[in-house]
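Just so it is clear, none of the values below were taken in a lab; they were calculated from the coordinates. In this text the structure is predicted, and so the values were computed from the model without any measurement. Reconstructed Cβ throughout: ideal geometry from the backbone, glycine too, with neighbour counts over all protein chains shown.
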Amino acid sequence: MLFLQLLQGGVQTGALYALTAAGFALIFGATRIFHFAHGAAFTLAGYAFLMAWNAGWPWPLGALAAIAVAVLFGVAIEQLVYRPIGRHEGGFFTVFVAAFGVSIVVQNLVGMIAGRGFAVIDTPLSRATEVLPDLWIAPVFYVAIGVSALLFLALSLFLTRSHAGVALRALAQNPDLIRTYGLSSTRLSILAFALGSALAAPAAILTGMTVGLNEAMGHHVMLISMAATIVGGVGNLKGAALAGLLLGIAESVALAFVEPQWAEAVSFVVLFGFILFRPSGLFGVAVAR
Amino acid sequence: MNRPQPGRRALLGATLALPFLGRSALAQGGEPYVLGTLFPMSGPNAEYGTVFTAGAQLALQHIEADKVLKRPIRLQAEDTQALPQQAVVGMTKLANVDKASFVLVGFTAVSKAVAPVGDRAKIVMVNGGAVGPDLSGLSPYFWNTIPLAHLETEALLPYIVGERKLKRIALVYVDDPLGDAILGALRDGLPKAGGTLAGSFSVPRTAQQFAPVAARIRQTRPDAVYIASFGAQQSQIIKQLRDNGISQPLLSYSAMNLDSVKNTAEAEGLIFTTQKTDFAGGDAMTKRFAADFKARFNSDPGTYHVNYYNAVWLFGQLAAMNEAAGRPVDGETLRAALLEKREFDLVGGKGRFDDKGNLTAAIQVNELRGGALTRIAG
Amino acid sequence: MIAYLANLATIVAIFGILASTLNVAIGHAGIFSVAHAVFFGLGAYAGAQTAMLLVPDPLLALLVAALIAGGLSLCLALPALRVRGEYFVAASLGLQMVATTLFSELKPLTGGIGGLVGIPRPELFGVTITALPLALATLALILLATHLLARGSFGRTLRAIRDAESAAEALGKHVAVAKTLAVAFACAGAGMAGALFAFHMAFVNVESFTLDQSVLVMAMVIVGGTGTLWGPLLGAALLLALPAGLSFLPFIPPTEVGAVQQILYGLAMTLLMIFRPAGLVGDLGRGKVAH
């Protein structure tokens, strides 16, 4: 039963990892920008919802606020930081360092404004009940799975059916092609940042309910998203999402075999192993680079 | 942190006013004494830095109001982020640039890192926050105004096992010297008190997910769960254990005495030890502390406020002894004064320091009820 | 004040070594590692244990540190040979995270979070010295080696690999050997920095060897200018002096001092990258051509 319980917990965490990872993968795939500040969008969205919630707003309004804040942040960083750098040289690591600076600023601003330490979105949704002997499940489990499934459905419809979505996917495969067809890669890259950042919001809200928020949480989220993007195969949204789910499960189920302090290492051993033995990712085509 | 915190805002206002306060103090005459602080002021443990500083600030206010010293005191804050490397850099600056004679520290790892620097420069370092037992006797100049962890578990276990009949205790502990210390204390103490350690689970300092740990704990069928962590992580552990089917009593030690824990709904009923302080029925000094704290910060004081208030107040007393005797105020004379007098009027009653500079204090067991501490034993 | 500046100078020298050696990997061989702190840590533990268990001879400690860090650099060279670009970044990140856990858990060797306390001061020929002259000497050696390496044929091979790996291979360059050697040099240098760090602090624990530290060292290289000789050193000095300098600002209230410092620090990093993307010493024009 312990195994089942850990698996359930892993699926819940993994569903949320999948959402943020998909956002990161979307941005990375379309723009080739290693958006190290993706975690900051997550943190901001979580705190936006928390403030709205504590101010007594109804939850859909709070969720909209959270999404708006995340989108605004994503677009702002694209316009104000990544674009000017891209104009010069756009070295991969120049972007990385700039994004790192931004996430430090966001983390400390959030700490100053919203208070340092732990904060939680207080709902009965996170309270688990015993559904089977020794198997405790909280309503938030079903919410997390439902929301993730719904969003992935919407996302894949958008990417396959809409003009902009198809263009986004094309951009991931071949940036030059887009230009030939007269599409603006600038507007597409803004779209990628807006969509990718928006995907972080629901995960942030649900994480705020179960694990709670603190101003430094974006870091871990970003690492997991990045690992999932690599394990899933760059430019492959489905792969990133599935990898996010798997990393969540691995982190949790690992506790059936090892002591808790090793749990985090498990995810990264998986990552390291993948890169060594299957660098193309879960379903990647061979990415010989 | 689910409700508005007037205390925080008031605190911010008060600290913003500090530079002006310092300037008026300068007018009193003489080069100020420099009192350094090495607290985490950013990062995941920053809440402690804010709390620790508030206690010290109130003591400075009182020392100035009472005209304890001829020269003013300047507070010089260095941010450690609770990391040893930053702390050593900060400590070196305090020693060599600011010429601090007295430095307040917190956190076990930070204390151990800066102790050699302070020892070499003969600067008194006072810890009022960390409880790792190996902090005792770290240097002749390293003192503690907080009872260390083994004293806390010694006070808790007889009550828990004897009176409450909670015999099987599971432990979640942070993987650092503090956590190891509590693990050791429970391993030794529980059998003596007639209980058993049903299981122990160490978690990294950065861990955030505790639902899987909760599942493991449930397997050990404990009567109660002891949490040994600090900072933002504590509330996370409490919430996630409660959310994930652990309804047994939760136990802990003095690090829980933070607003963020008290404001966590799931922390209701939490049992933890602190040193004994009776703010309402205590002596005049304790009453004044409680009243003025409330007036300045608009919230009730906790034990960390007391410890750092006491540390700074102690500096005032020791420096005044040296001023009266016409001696310079430095690490050596401060230490001599401490060993000469030993017993001081402090918040919480008379405090006595042993040869190593540790404050011996009585411990009480508290329960968190309605967001406030209620003494239940000791 | 002198002691304070000496302390700062020692730290700058140590991080200068770290940044310069990482620069060999990044700037010359195009290997973007975010695991440099791992080898810094390995060297620190190796140096500390040598000093504590054997003799506090800094030369021996430096040698042991360089050997262990250089030897274990194979953990990094292996993925470097198999993947490039973002994939290698992610691999080094995985290595960094796993190593952090190992450093915290292998307590008999590392002391965990509690760390190793009471590392003796270095003694050279029976005389106790500070870490500063050692750090400066090592830094000078590393800079000299980097300079010679950049000019020599090995440097040309590395740059050829960086700019066009398959072309370099076609030209008969031993890509695998060159990459492994570059990584080994970088990691051994980081190990030496670690041993110096252990002597200087007289205390080491895992918190100095985390991902944040790796990213910081990387930021030093980028901010200073990759592929340049003095850039990484300048970057190290700037990023270390910045927080130290900010702590002299008198108007920050004590409870906000950390946050304000961090915000200014992060802001400086971002603005620098926006306005000097090739780094302080870096040549903007050359960057464009290379791209």
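General remarks:
- Pairwise FRET efficiency - B:Glu367 versus A:Thr129, Cβ, R0 = 22 Å, nearest 0.05: 0.30
- Only aspartates and glutamates eight or more places from B:Lys165 in sequence, or on another chain, were considered; those with a Cα closer than 19 Å are B:Glu152, B:Glu154, B:Asp188, B:Asp223, B:Glu367.
- Reachable lysines from B:Lys167, criterion Cα separation under 18 angstrom, eight or more residues apart if same chain: B:Lys192
- Mean per-residue shielding of peptide B:71-83 is 3, counting Cβ atoms of other chains within 10 Å of each Cβ.
- Between C:Leu144 and C:Glu169, the contour length at 0.36 nm per residue exceeds the Cα-Cα span by 6.2 nm.
- Distance cut-off 34 Å, percentage of C-alpha pairs in chain A lying past it: 18
- Segments B:257-266, B:62-71 sorted - mean Cβ within 10 Å per residue, highest first: B:257-266, B:62-71
- The peptide list B:166-175, B:179-188, put in order of mean Cβ contacts within 10 Å with the highest first, becomes B:166-175, B:179-188.
- Couplings 3J(HN,Hα) of the stretch C:128-137, computed from phi: 6, 10, 8, 7, 4, x, 4, 5, 5, 4 Hz, in residue order, whole Hz [Karplus 6.51 cos²θ - 1.76 cosθ + 1.60, θ = phi - 60°; x for Gly and Pro].
- With the Kirkwood sum run over all distinct C-alpha pairs, chain B has a hydrodynamic radius of 21.0 Å.
- 0 to 90° range, to nearest 10: angle between helix B:108-121 axis and chain B longest Cα axis: 20
- Rounded, prolate or oblate (a/c below 1.5 giving rounded, otherwise prolate when a/b exceeds b/c) for the protein assembly as shown by Cα gyration tensor: oblate
- Peptide-level mean, for C:271-280, of C-beta atoms on other protein chains within 10 Å: 6
- Between B:Arg221 and B:Asp355, the C-beta separation translates, for a Förster distance of 45 Å, into a calculated FRET efficiency of about 0.50.
- Here the protein assembly as shown carries DSSP beta bridges of which approximately 40% are antiparallel, counting only pairs with both residues inside.
- Among the chymotrypsin sites (Phe, Trp or Tyr not before Pro) within the stretch C:100-183, those in coil by DSSP and having at most 12 neighbouring Cβ atoms inside 10 Å are C:Phe125.
- Above-threshold pairs, the threshold being 24 Å between Cα atoms, out of B:Lys112/B:Lys356; B:Lys122/C:Lys107; B:Lys67/B:Lys287; B:Lys122/B:Lys341; B:Lys262/B:Lys294; B:Lys294/B:Lys350: B:Lys122/C:Lys107
- Built amide H within the under 5 Å cut-off of B:Phe39, gap 5+: B:Glu78, B:Thr80
- Across peptide A:205-211, the mean count of Cβ atoms from other chains lying within 10 Å of each residue's own Cβ comes to 3.
- Annotation: aspartates and glutamates with alpha-carbon distance below 18 angstrom to B:Lys70 (same-chain offsets under eight excluded): B:Glu31, B:Glu323, B:Asp330.
- Crossing angle, helix B:84-96 versus chain B [Cα axis fit, 0-90 degrees, rounded to tens]: 20
- If R0 is taken as 22 Å, the Cβ-Cβ distance between A:Gln173 and A:Arg278 corresponds to a FRET efficiency of 0.60.
- Percent of Cα pairs exceeding the 23 Å cut-off, where the set is the stretch B:106-222: 42
- For chain A, the longest principal axis of the alpha carbon atoms and the long axis of helix A:237-253 meet at an angle near 30°.
- Ratio Rg/Rh, restricted to chain C and using Cα atoms, in which Rh is the Kirkwood radius: 0.97
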